[in-house]
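The values are calculated or read from the model by the stated rules, or taken from the named source; none is laboratory data. Model, not experiment: these values are computed from the prediction. Here the Cβ is made from the backbone with ideal geometry for all residues, glycine too, and neighbour counts use every protein chain on show.
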């Protein structure tokens, strides 16, 4: 980073009036410092709250558990099945004659070639299995570098609101100075915007966010949850935080307010948060009925003017009230802004 930052120093963006880093970067909130101190300075981190219902997360997690159990069972079966065969070959090499001993001088080529190919295939297959497949269940349970999914679930369990921490992969190594170089900053923000879009963090539970660019940091997720459990920070402190380390400024976070992500993305994120809050109460159907009312009223002749908006708002509030939910209160508790029945 340092070399590229010096090369573009003349065109570096101005610092903030308060002496802070250039927009959209800012200092991380002080409450996040305990977890920031544990992070790898070479990586970029995205933290957000996963509000999918605990029951749904449990179902999602069952899939990799079963997959790794099956893989482990097949590997154990293979080991017990092929182990005696390899022991016999090893004993034959040491001079102890057995069924696997090949006396080439006494064999024909049509016997030698098939046997060599069979053994070669067996050796190759088992090498690939135990070098590349065997680490999957081991890492799933015992991985130490960034923790493991099992260790995370063992410590955290399944909750309706969970802190998810993603860690960048190798793409970040080629980014350059994302604070002072406008080109690098643009590429960096493109990665971040895709990873923090409502489609990514709103439609998928945290476990499904691993891809070619991002991995999950299991240890950091346990640490963040511990902070919440010990009242060191409210869970809301982890609402969409992007962290990176810069040589000049130290740890920074990206300001993901409306001026960065755009008002429409911000609005969609609010709607998704509201839907997830209803889902935790078993009232997700209310969300879809709410959307249906808005879509129906807005498609009627004459447009969706103030009068129709007021009528739709009353209809929506009455519908929620019948289900024992105060729309305005629920929206404000979930999103943190004044309620607007989602029509503005």
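Find the residue count for region 210-231, including only residues that are part of a helix (DSSP H, G or I) and out of contact with any strand residue (DSSP E or B) (no Cβ under 6 Å at 6 or more places or on another chain). The number of residues fulfilling the criteria is 8. Filtering region 51-71 for residues that are surrounded by 13 or more Cβ atoms within 10 Å (Cβ to Cβ), within 30 Å of residue 251 (Cα to Cα) and either touching a residue at least 24 places away in the same chain (Cβ under 8 Å) or not assigned by TED's automatic domain parsing to the domain that holds residue 167 (or both) leaves a non-empty set.
Applying the condition of being closer than 23 Å to residue 240 by Cβ and in a loop (DSSP other than H, G, I, E, B) to region 133-156 and asking which residue is modelled with the lowest pLDDT yields 146. When residue 114 is tested against (1) without any contact (Cβ under 8 Å) to a residue 60 or more places away in the chain; (2) farther than 29 Å from residue 72 by Cα; (3) not in a helix (DSSP H, G or I), just one condition goes unmet, and that condition is (3). When region 84-111 is examined, which residues are found to be exposed (fewer than 12 other Cβ atoms within 10 Å of the Cβ) and either touching a residue at least 12 places away in the same chain (Cβ under 8 Å) or at positive phi (or both)? Result: 95, single match. Within region 22-38, the set of residues being in contact with a helix residue (DSSP H, G or I) (Cβ under 7 Å, 6 or more places away or on another chain), part of a loop (DSSP other than H, G, I, E, B) and under 24 Å from residue 219 (Cβ atoms) comprises 28, 29, 38. Residue-level check: of (1) within 16 Å of the chain's Cα centre (by Cα); (2) free of Cβ contacts under 8 Å to residues at least 40 places away in the same chain; (3) surrounded by 15 or more Cβ atoms within 10 Å (Cβ to Cβ), residue 185 misses just (1). Only one residue in 317, 269, 275 is touching a helix residue (DSSP H, G or I) at 6+ places or on another chain (Cβ under 6 Å), in a helix (DSSP H, G or I) and at pLDDT below 70, so which one is that? Every option except 269 fails the conditions.
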